[in-house]
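The values are calculated or read from the model by the stated rules, or taken from the named source; none is laboratory data. The model shown is predicted, which means the values in this text are computed figures rather than measured ones. Positions of Cβ are generated from backbone atoms using ideal geometry, with glycine treated the same way; all protein chains shown enter the neighbour counts.
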Amino acid sequence: MSPQYEVRAKERIRKGLPEYIGVLTKAAERGVNEEDTSNIVRSMLVDLLGFDRFWEISGQYQVKGHWADWAVKIDDQIRFFVEVKQLKTKLRDKDLFQVINYSVPQGLSWAVLTTGDVWQCHRVAGGKDIEEFFEVRVLDPNQSVEEKVANLYFLSKEGVKRNALDTRWEHTECYRPEKLGRLLISDDVLTTLRRLVKHDNPGRRVDVEDLREALLRGVIRGDLYSSLTDGRRARQGTARSKPGKRTSPELLVSKTGLHPGASDAATGEP
């Protein structure tokens with residue numbers, strides 16, 4: 001059973017979403033600019049996510065020559081930055097790079113990109129293996145209300161105070177397919193599997209490498225198969241280049257032409 005603070009926070013988000021669906025729909029029809037979008041986002045941080053309008057949300061927060069749209073704080077400590085883009089625009093790698101430039105120097109683990117409608121939460125700890133953790137699409141009727149509420153809770157004051165994002169991340173990491181796949185083809189697991197297979201097939205010669213190949217070719221499939229076989233090639237010095245779900249800073253540089261520490265002027269963004 002969920003604790004009461006989580007229940008209350010999710011209920012606040014659930015009750016407030018219909019109002020902001022209306023606000024965002026009307027704003028999209030009017031073609032609001034980025035500044036107006038930013039004002040809507042601030043209100044969502046207050047009304048849905050529970051942060052204090054005056055003391056826990058700072059606008060235009062300067063970080064080494066960069067200006068973050070919103071810095072979200074608890075007990076005067078910044079917990080994450082929010083980079084806002086105009087409603088109805090598509091979030092790009094360039095936008096992600098901006099918020100990374102704000103977040104990494106502050107030692108933050110999480111960063112948020114949003115258009116008011118789309119909310120992306122990215123894991124940026126240390127600036128390595130940057131990964132989108134979730135995306136909420138407020139105006140998307142195909143994304144369930146429960147999914148929207150569950151994910152927005154992680155960004156709520158109640159969730160942030162209790163490190164809900166980190167806790168969920170650590171739980172997810174335990175069950176990451178790539179990690180489980182590597183364990184499945186590890187020598188320790190294959191040695192145990194070999195013993196079980198030999199027990200079911202008396203008199204048969206069972207080789208660990210044959211088991212590994214059988215798992216890779218017949219059991220582990222799709223992207224996970226490619227990831228694991230690429231990993232084996234890397235250890236053998238024959239890896240293929242294949243981008244995965246995670247994004248490296250080097251990949252962002254290659255896509256955007258920007259480098260860590262670049263000024264806001266270089267991004268072409270205000």
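Taken over segment 34-64, the criterion of being under 18 Å from L139 (Cα atoms) and part of a loop (DSSP other than H, G, I, E, B) is satisfied by L48, L49. E29 meets the conditions (1) closer than 26 Å to L139 by Cβ; (2) under 23 Å from the mean Cα position of the chain (by Cα) in every case but one. The failed one is (2). Given the structure, is T115 free of Cβ contacts under 8 Å to residues at least 24 places away in the same chain and among the hydroxyl-bearing types (S, T, Y)? Against the criterion (free of Cβ contacts under 8 Å to residues at least 24 places away in the same chain and among the hydroxyl-bearing types (S, T, Y)), T115 does not qualify. Taking the criterion of being buried (at least 17 other Cβ atoms within 10 Å of the Cβ) and modelled with pLDDT under 95, the residues of segment 64-86 that qualify are H66, A68. Taking the numbered list (1) within 24 Å of N163 (Cβ to Cβ); (2) in contact with a strand residue (DSSP E or B) (Cβ under 7 Å, 6 or more places away or on another chain) in turn, D75 passes all entries but (2). Kindly indicate whether R235 is surrounded by fewer than 10 Cβ atoms within 10 Å (Cβ to Cβ) and modelled with pLDDT under 90. Here the answer is yes, as R235 does meet what is asked. Scoring L17 on the criteria (1) touching a residue at least 24 places away in the same chain (Cβ under 8 Å); (2) surrounded by fewer than 17 Cβ atoms within 10 Å (Cβ to Cβ); (3) closer than 25 Å to K161 by Cβ; (4) not charged (D, E, K, R) leaves a single failure, condition (2). For segment 110-148, taking the residues that are modelled with pLDDT under 95 and not in a strand (DSSP E or B), the one that is surrounded by the most Cβ atoms within 10 Å (Cβ to Cβ) is identified as V124.
When T89 is tested against (1) hydroxyl-bearing (S, T, Y); (2) more than 16 Å from the chain's Cα centre (by Cα); (3) buried (at least 16 other Cβ atoms within 10 Å of the Cβ), just one condition goes unmet, and that condition is (3).
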